[in-house]
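Some notes on the structure that comes next.
Values quoted throughout were computed directly from the atomic coordinates according to the rules given, and no laboratory measurement underlies them. Computed from a prediction, not measured in an experiment: that's the story for all the values here. Because the Cβ atoms are built from the backbone with ideal geometry, glycine has one as well, and the counts that use them run over all protein chains shown.
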Amino acid sequence: TGRCVVAVDGPSGSGKSTVSRRLAVGIGARYLDTGAMYRAITWAVLRSGVDRADAGSVAKVADEVDLRIGTDPQGYGVTVDGVGVDADIRGPEVTGAVSAVAAVPAVRKLLVARQREMIVNAGRIVVEGRDIGSVVAPDADLKVYLTASAAARAARRSAEDASDVTATAADLARRDRLDSTRKIDPLAQAADAVVLDTTELGIDEVVARLRDLLTERG
Ligand code: C5P
């Protein structure tokens, strides 16, 4: 059980989180949810009251907060200045603001550096996000890009948080557009990523396929 880095990218609702956590448990690896880091910084920005359209102020908040995140796939905690934010970072306020905060270059620079450090320290880790295979860990042992139809993604998300499916579909479309068109590190498929469409696949099938791919690659 040596070093092994698996990069899992894709839009929200593609099954990334569930698949990544299960894969990590299955192969005895750590797990890093990079979206939770962007969400935690967004939470801090909203709490601070600074103008979130002001990139300089947003970057300053990101630089000053003490963000901590665990890497246990069976349950990790996120804290900001010692405050547990696991529930709050999934709420509508953070979800509505996170794409804008994640588009600030200084925020990305800071978090990408933290993510690389955590990956090196973990050695064996499944990392999920938007730019993992392309930017954070271009030398990952396996890069996966998960997709699913817009309808399937909206249905999964609204089942998860009991939200209205039409509103969820609109929010996903909005975030996809922002995440894919931002200037730095947009949501992108790495050239060497294995693309899996999960619309018709169950979680277990996806995880099994990824384990097969890892075995094939030794
Ligand atoms: O994956 P999740 O939906 O929690 O990510 C929340 C947001 O964080 C995304 O919509 C995106 O704006 C941002 N993000 C990012 N880069 C990552 C992970 C997340 O820009 N590696």
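Descriptive notes on the structure:
- Qualifying lysines (Cα of each under 18 Å from Cα of residue 143; at least 8 residues distant if same chain): 16
- Nearest-ten-degree value, helix 105-122 long axis tilted from longest Cα axis of the chain: 40 degrees
- Ordering 119-132, 145-158, 164-177 by mean Cβ neighbour count within 10 Å, with the highest value first, yields 119-132, 145-158, 164-177.
- Within straight-line cross-link reach of residue 60, lysines at Cα separation under 27 Å, skipping those fewer than 8 residues along the same chain: 109, 183
- Computed over the range 4-216, the percent of Cα pairs more than 24 Å apart is 39.
- Looking at the range 4-216 alone, DSSP beta bridges between its own residues are antiparallel in about 20 percent of cases.
- In terms of its C-alpha gyration tensor, the range 86-175 comes out prolate, because a/c is 1.5 or above and the ratio a/b outweighs b/c.
- Separation of alpha-carbon centers, the range 172-218 and the range 120-145, rounded to whole Å: 12 Å
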